[in-house]
Every structure is written in C-alpha cells, then in structure tokens.
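Just so it is clear, none of the values below were taken in a lab; they were calculated from the coordinates. None of the values given here were measured: they were computed from a predicted structure. Note that we place each Cβ from the backbone using ideal geometry, even for glycine, and neighbour counts take in every protein chain shown.
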Amino acid sequence: MALDLVGARSKIERAKKHISDFDRERVAFLDTNPYVIVTKFNTEKNTTESIMGPMPKIPAHLSLTVGDAVQNLRSA
C-alpha cells in the first residue's frame, strides 16, 4: 500500500510561501527604521548612555503569517 503524501507536501509548500511572505514583510517593516535610539550624556556618571526609544507595535500580519507557516508545517 503506497503512502499518499500529496497533502503533506502541499502544506509544506504553503508554509514555504508563508515564510517567503514573512521575510518580505519583515524587511519592509524594518526598512521604515521603526526603532529610535536616544543618546544622552549622564553628568553624574560621566558617561554617554544610549537607550531605545518607544518600541513600535509589530504589525499583526507578521505574527499571523508566522503562525500560518508553523501550523502548516505542524499539520504536514
């Protein structure tokens, strides 16, 4: 009896598409330079400090795309 893996292979191919979409969307998000670094001089410690400014909200579609890829791989 031959084992039919068409469904599993289809889910793996779909996961690859989700991963490709995620990579493209991730790059587009990071290209907006969403993180702000604030540098200030601390006179009490005589040091320069760099701190990250307010963190932007990660777009929901990024986590949804990753979740879809993981689910497809898990169910394959």
For this session: Would you check if there is a residue in the stretch 50-68 being in contact (Cβ under 8 Å) with a residue 40 or more places away in the chain and exposed (fewer than 12 other Cβ atoms within 10 Å of the Cβ)?
Result: no
For this session: Give LYS40, LYS45 a once-over and let me know the one that is in contact with an Asp or Glu (Cβ under 9 Å, 6 or more places away or on another chain) and free of Cβ contacts under 8 Å to residues at least 60 places away in the same chain.
Result: LYS40
Seminar exercise, completed: Restricted to the stretch 1-39 and to residues being touching a strand residue (DSSP E or B) at 6+ places or on another chain (Cβ under 8 Å) and among the aliphatic types (A, V, I, L, M), the residue surrounded by the fewest Cβ atoms within 10 Å (Cβ to Cβ) is ILE37
Problem set entry | Answer from PHE22, PHE29 - the residue that is in contact with a Pro (Cβ under 7 Å, 6 or more places away or on another chain) and in contact (Cβ under 8 Å) with a residue 24 or more places away in the chain | PHE29
